[in-house]
1. Pairs, please: C-beta under 7 Å, at least 6 apart or cross-chain, first residue within 16 Å of Leu77 (Cβ to Cβ) and in region 159-172, second open to solvent by 80 Å² or more (accessible area, probe 1.4 Å)?
2. Considering (1) free of Cβ contacts under 8 Å to residues at least 40 places away in the same chain; (2) hydroxyl-bearing (Ser, Thr, Tyr); (3) in contact with an Asp or Glu (Cβ under 6 Å, 6 or more places away or on another chain), say which one Thr215 fails and leave the rest.
3. Which residue is nearest to the chain's Cα centre (by Cα), if the candidates are limited to region 247-283 and must be under 20 Å from Thr215 (Cβ atoms) and open to solvent by 40 Å² or more (accessible area, probe 1.4 Å)?
4. Within region 18-50, restricting attention to residues that are among the hydrophobic types (A, V, I, L, M, F, W, C) and within 19 Å of Asp317 (Cβ to Cβ), which residue is farthest from the chain's Cα centre (by Cα)?
5. Quick one: count up the residues across region 38-79 that are of a type in the set (S, T, N, Q) and open to solvent by less than 10 Å² (accessible area, probe 1.4 Å).
6. Filter region 284-298 down to residues that are open to solvent by 30 Å² or more (accessible area, probe 1.4 Å) and among the aliphatic types (A, V, I, L, M) and give me whichever is farthest from Asp214 (Cα to Cα).
7. Out of the residues in region 180-232 that are hydroxyl-bearing (Ser, Thr, Tyr) and surrounded by 15 or more Cβ atoms within 10 Å (Cβ to Cβ), which is modelled with the highest pLDDT?
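The values are calculated or read from the model by the stated rules, or taken from the named source; none is laboratory data. All values derive from a computational prediction rather than experimental measurement. Here the Cβ positions follow ideal geometry from the backbone for every residue, glycine too, while neighbour counts run over all protein chains shown. Note: areas computed on protein heavy atoms with side chains; ligands, DNA, RNA excluded. Shrake-Rupley method; radii C 1.70, N 1.55, O 1.52, S 1.80 Å.
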Amino acid sequence: MLPFLIPLFFYIYPMEFILKNKFTALRILIGIVFILSAILKLSPIAPFENLLLKLDIVPWNLVPFAARGIIGFEFLLGFMLVANVYIIHSLRVTLFTLIGFSLFLGYLHVFVSSQDNCGCFGEIVELNPIQSIIKNCLLILVVLYVLRNKTVLPSNMFSKFQLYIATLIIVGSFAMPFIFNIPILAGEEGNYVIKPGMKISHPSMKSVVFNTKDTVDVTQNKHVLCFASLTCSTCKFAISKLESIHKKHPEFAISIIFLDVPQRDSLLSEVRIKTGLQTIPYTFVPAEDFFKTSHNKLPFIMFVDNGQIKNLRNYSDLYIGDIFTFFEQ
């Protein structure tokens, strides 16, 4: 990520400015890193939510709020550093934050997956935990260097108004993730419209052979079916979320129906690595049958009760509570 940021930084701040105001330049650079990290996590936010869900560090119903809270905190640090507000305190909080993030990344590397994208810069710039720890160590050194020379840091020209500026930054930073990416709550309508009497009745759905060798009639009893493509990025977000749920609740009849393609073995291997797909049964369906049932939409997540479609979702409006409610009613 740093090779990407450095040319951008030099474009915004010419070399002459940087050499003359090196501590100011370093402060702003650190702030830009945090702001970019927050922006890239926010769009799309699903992978970061899925990471928190997979780690099981907060209750599932708080994951959307925790994800946005962390992003808001990154915005806060970034804007405080760039605006030069309470700069010594901001740098100290930044230092402890980087140390805390690095310890968390070490846990992720040792106990979860050394190859997972840590989510530090969303899906745009993928870093595994070790790469991100190295990035954090570089930033820690920069912060320590600036703090060591804190006596020569320029004061804020608006120092009399720091409290008001800080309040505005705090409110704005934590509000932005919720304004630009509103979390899905219980009872909200999905992006797909369920037509009266809509049901799943295609003959291919009456005897689905999954990778587990089980043959299942998904028009009977309750099922959550995720119609997905191996090359669809948003499908992977949905699969990752469903896999996290199924691992903890294997009694839930969640299944994935993939569009069959010639390169399915190699593509499936990539999907399994990307999503952590392990426990959910899956199958492959020819294109004609697949699109007749999925209505040409991807991902297409059906909540089916004895053939009747009770709910339809995609990756962005998939509320986890709906799955629990559906199977436990």
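1. From region 159-172, the pairs are Gln162/Tyr86; Ile165/Phe158; Ala166/Tyr86.
2. Only one criterion is unmet by Thr215, namely (3).
3. Thr279
4. Per the stated criteria, the residue is Leu42.
5. 1
6. Going residue by residue through region 284-298, those that are open to solvent by 30 Å² or more (accessible area, probe 1.4 Å) are 284, 286-289, 291-292, 295-298.
Keeping just the survivors that are among the aliphatic types (A, V, I, L, M) gives 287, 298.
Working: Ala287: 22, Leu298: 25 Å.
Among those that are open to solvent by 30 Å² or more (accessible area, probe 1.4 Å) and among the aliphatic types (A, V, I, L, M), it is Leu298.
7. The residue in question is Ser229.
Here's the yes/no breakdown for (1) in a loop (DSSP other than H, G, I, E, B); (2) hydroxyl-bearing (Ser, Thr, Tyr); (3) free of Cβ contacts under 8 Å to residues at least 60 places away in the same chain:
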{"site": "Leu81", "(1), (2), (3)": "no, no, yes"}
{"site": "Gly100", "(1), (2), (3)": "no, no, yes"}
{"site": "Tyr107", "(1), (2), (3)": "no, yes, yes"}
{"site": "Phe111", "(1), (2), (3)": "no, no, yes"}
{"site": "Leu127", "(1), (2), (3)": "yes, no, no"}
